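**Q** Take a look at the following structure, please.
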Amino acid sequence: MMLAWIWSDWPWTLDTVVRLIFAIVVVLLPAGVTVYLYLFKMVSFMQSRLGPMEAGPYGSMQLLAEVGKNLQKEDIFPAKADRTIFALAPYVVLMSTFLLAVVIPFGPQATFVNLDTGVFFALAVSSVSVVGVIMAGWASASKYSLLGGLRAAGQLIAYELPLILAVVGVVIQAGTLNLQGIVTAQTQGEIFGFGGLGHPFILTQFIGFFIFLVAVQAELTQVPFDMPIAESELVSGYMTEYSGFRFLMFFIAEFATANIFAFLGATLFLGGWQVPPFVHDLLGVDANWQYFNLIGPGVMLFKMLVLTFVVYWVRFTFPRFREDQLQKFAWKFLIPLSLVNIAITGVLKVAFS
Amino acid sequence: MSVYSDFLREYLVVALFGLLAFATVGAFVGLASLIRPDRPTPAKLENYESGVDPVGDGWSQSQIRYYIFALLFVMFDVEAVFIFPWAVGLDQFGWFGLIEMVIFIFILALGLAYAWRKDVLRWV
């Protein structure tokens, strides 16, 4: 029956296959770019060293070397581990990444799926990775892994709330949950009657943007929020017992998720795939010009690189929080602040509309 | 084709994306299984505990605080779900909707303050 359906609507099937191929590109390619650019090179220059230099020009083939190395490594399942769950955990974590990528728009028509409740869907599936992390931590049957998994769960749920509440401010301003609609709202907006830049929500939602960045940093378990995988205390936490390609999958998922969150942040706060509206006037085109489907991904890539730069900059600058400081920061500072942000945004929206 | 069918198709693509993630990991792990060595020894399959022999079971008891934080999270998360539809429709609701929601957020903040006062937000 399924097969009959695929044949009966051939254009839709082709369209979907193209979408799936692009999904792999969107998830894996930027991950490779940021790992080389920031994790290998930028951190090296920050720490007065050269980083990888041997593989390819300026070490740019190092990534392929790493993948090749991990492909050849033995896949060790600890004797006490719960084998099925242990094997499944990396799948679940990467699934969260792919599902997050579904809603990101890259151009007027260049969307994977233009869900009406895009923001809501993205926030919902971003927490699926917690399940994978707990699965990994529990199934390893190791004390480091269990502690890392529990810490990750405590941290991810604590920072899930500021993340959700920070986005509410944007939703109030845009009046829609559709990510494409949020991009349009930012293009059509004005700053004190001046429409040349549109109205990227970072200008009025800077508190929300700050909370969003901090929460994303914590969701990604990057330093200074890296207690779940603290290598000096927990030896990589929930990843302790993983080896070979399953370990690399956690690694890829972490960096791919960083990029997708940066894409999401760019869409919500920096105007998404749209160029500033004065460029429309210069080119003499309207906001839905078909070539924006080609320009849009480039614009998004640029904005994504800016946001991920901030993520890695913070990562390589700050020391690690203590576990209780982390929880205190989320519950006693970020959540009250985001509630105040929602209230103020609501009042201003109603007063000025 | 009805509108309903388009709606379902959107979520079919979403489901396919989830399957694609499984296929990607499966393909890589499958490729690795063709070329990687597989020589397990009892010492290799032991859990890692800083190089010494592991003591006791890996599945140890964990502290109650995780449970309390999870409960708090569920409460706040469910309430966040109510805030979203309100945020979308704020233009139509006007002052009436705003005052309603400010009361709601105030009660939410009151709950947080209560938890704070009861000292359950302290990670001991």
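**Q** If the elastic network links every pair of Cα atoms under 10 Å, which of B:Phe106, B:Phe93, B:Phe17 fluctuates the most in the Gaussian network model of chain B?
**A** Taking springs between Cα atoms under 10 Å, the residue moving most is B:Phe17.
**Q** Follow-up question, since we're still on this one. For A:Ile191 and A:Glu233, FRET efficiency with R0 = 35 Å and r from the beta-carbon atoms, rounded to 0.05?
**A** The formula returns an efficiency of 0.15 here.
**Q** I've got another one for you. Per-residue Cβ counts within 10 Å, from other chains only, averaged over B:85-94: what number is that?
**A** Going residue by residue through B:85-94 and averaging, the value is 6.
**Q** Once R0 is set to 25 Å, what does the formula 1/(1 + (r/R0)^6) return for the Cβ-Cβ distance between A:Ser44 and A:Arg320, expressed as a FRET efficiency to the nearest 0.05?
**A** It comes to 0.75.
**Q** Run the reach check for A:Lys80 against lysines, Cα to Cα strictly under 21 Å, same-chain hits fewer than 8 apart removed. What comes back?
**A** A:Lys143, B:Lys44
**Q** Answer rounded, prolate or oblate for the stretch A:65-165, using the Cα gyration tensor with square roots of eigenvalues a ≥ b ≥ c: rounded when a/c is under 1.5, else prolate when a/b is larger than b/c, else oblate.
**A** oblate
**Q** Nearest 10 degrees, 0 to 90: what angle lies between the long axis of helix A:62-71 and the longest principal axis of chain A (Cα atoms)?
**A** Once rounded, the angle reads 50 degrees.
**Q** Still on this structure, please answer the following. What is the ratio of the Cα radius of gyration of the stretch A:214-353 to 2.2 N^0.38 Å, with N the residue count, to two decimals?
**A** 1.36
**Q** Relative to the Cα centre, what is the charge dipole magnitude of chain A, using +1 at the beta carbon of each Lys and Arg, -1 at the beta carbon of each Asp and Glu, and rounding to the nearest 20 debye?
**A** Approximately 600 debye in magnitude.
**Q** For chain A, set up a GNM with springs between Cα atoms under 10 Å and report which of A:Thr111, A:Thr97, A:Thr16 has the largest fluctuation.
**A** So, out of A:Thr111, A:Thr97, A:Thr16, the one fluctuating most is A:Thr16.
**Q** Here's something else I'd like to know. Of B:Met101, B:Met75, which has the most accessible area with a 1.4 Å probe, and how do the rest follow in descending order?
**A** Order by accessible area, largest first: B:Met75, B:Met101.
**Q** For A:Thr111, what residues show an amide H to amide H distance below 5 Å, using hydrogens built from the backbone and excluding near sequence neighbours?
**A** The list, which skips near neighbours in sequence, is A:Phe106.
**Q** Over the stretch A:221-280, what is the mean sequence separation of C-alpha contacts under 8 Å (at least six apart), divided by residue count, expressed as relative contact order in percent?
**A** Taking the mean separation of contacting Cα pairs over the length of the stretch A:221-280, I get 13 percent.
**Q** Heavy-atom accessible area of A:Met95 with all protein chains present, probe 1.4 Å, nearest 10 Å²?
**A** 40
**Q** So, one more: What is the average number of partner chain Cβ atoms found within 10 Å of a Cβ in A:267-277?
**A** Other-chain Cβ atoms within 10 Å of each residue's Cβ, averaged: 0.
**Q** Moving on to the next point. How far apart, in nanometres, would the label points at B:Val81 and B:Asp6 be if each is projected 7 angstrom from Cα along the Cα-to-Cβ direction?
**A** 2.8
**Q** How much accessible area does B:Ile99 have with a 1.4 Å probe, in Å² rounded to the nearest 10?
**A** Looks like 100 Å² after rounding.
**Q** Here's something else I'd like to know. State in Å² the accessible area per residue of chain A; use a 1.4 Å probe, count heavy atoms of protein chains only, and round to the nearest integer.
**A** Ligands and nucleic acids excluded, the figure is 40 Å² per residue.
**Q** For the A and B pair, go ahead and give the buried accessible area with a 1.4 Å probe, both sides summed, in Å² to 100.
**A** 6900
**Q** Hey, with R₀ at 60 Å, roughly what FRET efficiency would A:Trp12 and B:Val52 work out to, going by the Cβ-Cβ distance, to 0.05?
**A** For A:Trp12 and B:Val52, the calculated efficiency is 0.55.
**Q** How big is the Cα convex hull of the stretch A:227-272 in projection, averaged over all directions, in nm²?
**A** Its Cα hull, projected and averaged over all orientations, spans 4.0 nm².
**Q** Something else: Calculate what fraction, in whole %, of the accessible area of the protein assembly as shown sits on carbon and sulfur atoms when a 1.4 Å probe is rolled over the protein chains.
**A** Summing carbon and sulfur atoms, their accessible area is 70 percent of the total for the protein assembly as shown.
**Q** Going by accessible area, probe 1.4 Å, with all protein chains left in place, what is the ranking of A:Leu123, A:Leu20, largest first?
**A** Output order, biggest surface exposure first: A:Leu20, A:Leu123.
**Q** Continuing with the same structure: How large is the accessible surface of A:Thr257 in square angstrom, using a 1.4 angstrom probe and rounding to the nearest 10?
**A** 20
**Q** As a check on your grasp of the helix formula, calculate [θ] at 222 nm for chain A: sum -39500 (n - 2.57) over DSSP H runs of n ≥ 4, divide by the residue count, round to the nearest 500.
**A** -21000 deg cm²/dmol
**Q** Ranked from the most accessible area to the least, with a 1.4 Å probe and all protein chains present, what is the order of A:Val119, A:Val285?
**A** The residues order as A:Val285, A:Val119, largest area first.
**Q** With the Cα gyration tensor of chain A in hand, convert its eigenvalues to equivalent ellipsoid semi-axes via √(5λ) and list them largest first in whole Å.
**A** 34, 26, 21
**Q** Once a ≥ b ≥ c are taken as the square roots of the eigenvalues of the Cα gyration tensor of the stretch B:3-117, is the result rounded (a/c under 1.5), prolate (a/b larger than b/c) or oblate (a/b not larger than b/c)?
**A** It is oblate, given that a/c is not under 1.5 and a/b is not larger than b/c.
**Q** Which whole-number percentage describes the relative contact order of the stretch A:79-352, with Cα contacts under 8 Å and a sequence gap of 6 or more?
**A** With pairs under 8 Å counted, the relative contact order is 26 percent.
**Q** Shielding of A:90-101 by partners, i.e. mean partner chain Cβ atoms within 10 Å per residue?
**A** Partner-chain Cβ atoms within 10 Å, mean over residues of A:90-101: 5.
**Q** Also, quick follow-up: Extent of the stretch B:1-63 along each principal axis, from alpha carbon coordinates, in Å, largest to smallest?
**A** 65, 42, 14
The values are calculated or read from the model by the stated rules, or taken from the named source; none is laboratory data. This is a predicted model, so every value here is computed, not measured. Virtual Cβ from ideal backbone geometry, glycine too; neighbours counted across all protein chains shown. SASA here: full protein model, heavy atoms, side chains in, ligands and nucleic acids out. Shrake-Rupley method; radii C 1.70, N 1.55, O 1.52, S 1.80 Å.
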